[in-house]
1. So how far, in whole Å, is the C-alpha centre of segment 152-199 from the one of segment 66-108?
2. For each of 289, 72, count neighbouring Cβ atoms within 10 Å of the residue's Cβ, then give the residues from fewest to most.
3. Quick check: pseudo-label points 7 Å beyond the Cα along Cα→Cβ at residue 265 and residue 216, how many nm apart are they?
4. If I model a spin label at residue 69 and residue 13 as a point 7 Å from the Cα along the Cα→Cβ vector, what separation in nanometres do I get?
5. By counting other Cβ atoms within 10 Å of each Cβ, how are 104, 190 ranked from fewest to most?
6. Output the relative contact order of segment 201-246, whole-number percent, from Cα pairs under 8 angstrom with separation of 6+ residues.
7. Could you work out [θ]222 nm for the chain from helices alone, using -39500 (n - 2.57) per DSSP H run of at least four and dividing by all its residues? Round to the nearest 500 deg cm²/dmol.
8. Spin-label point model (7 Å from Cα, Cβ direction): what's the residue 185 to residue 111 distance in nm?
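What follows is calculated from the coordinates using simple rules that are stated; it is not laboratory data. As the structure is a computational prediction, the values presented were derived from the model and not from experiment. A quick note on method: Cβ atoms are made from the backbone with ideal geometry, for glycine too, and the neighbour counts reach across all protein chains shown.
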């Protein structure tokens, strides 16, 4: 596979290191591409179960699961981790085949529940924020949305390796929304612009951000991005939690949940907190329903001694762990 054009501003050491990493990555992607999507997914699952599951990062998944499910036996937790690694391996192997998930023929690989919520949101004439997490293959949601004619952009964290990042963005924009928006001032402005044009924004809200709000997740404080809440309150966007489940190999079920309705008061910080907590509650409920479909290897919860980086986050912590870590104009969206 062709490695993207060399990025500028990197030293020779980092260019060589990134190119070596990318060459190995593209070699695997090339192998997966030579296979059918079903064969690639199956091979990825095998690699996940037998190789990835034995890497040191599995210990983090085990710690997270033990804290979230203190009543489950070691055997039950091990079964969850095994299926999680199978799913992650499949997801990686499916990247060269994202085009295979577009709607074609009478046997689609993606079934969708809850389309009535999307239709309702469209009838409001407002922008729509699709909220999701790292469920099953998390690239499926924007692909499905594009097939249903929803235009907009997806918010993402760039991959550290710029060559791999450029390739990944190309796969996404070829099969989903045409805009990939990274965090920062320019990204924030673009998000506001799209929402004011009644476009759709797709964002994963299940990763830790120290600039966020210390909201509850599985009974523990989890630093959570306040961006969707701030956006909804500021521009009146509709919040639609949407999740994805792997049902059989490279086949999925996307579920659009009822909208979360913002309620504004004269306490903006409290409004953002309440809305963010509702988002976390929906994500947690879906994880609890089938925990092996979620990616437990994230550093989702803070370590002892971690402190919020934002002014409002620190204020929230002083008040008992609640509050907002973003300026009311959205300038610190993460």
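1. Cα centroid of segment 152-199 versus Cα centroid of segment 66-108: 24 Å apart.
2. With the sparsest Cβ surroundings first, the list reads 289, 72.
3. It works out to 1.6 nm between the two label points.
4. Between residue 69 and residue 13, the label points sit 4.3 nm apart.
5. Fewest-to-most Cβ neighbours within 10 Å comes out as 104, 190.
6. 26 percent
7. Details: 11 runs with 151 residues, N = 334.
Using -39500 (n - 2.57) per qualifying helix, the result is -14500 deg cm²/dmol.
8. In this crude label model, residue 185 to residue 111 measures out at 4.9 nm.
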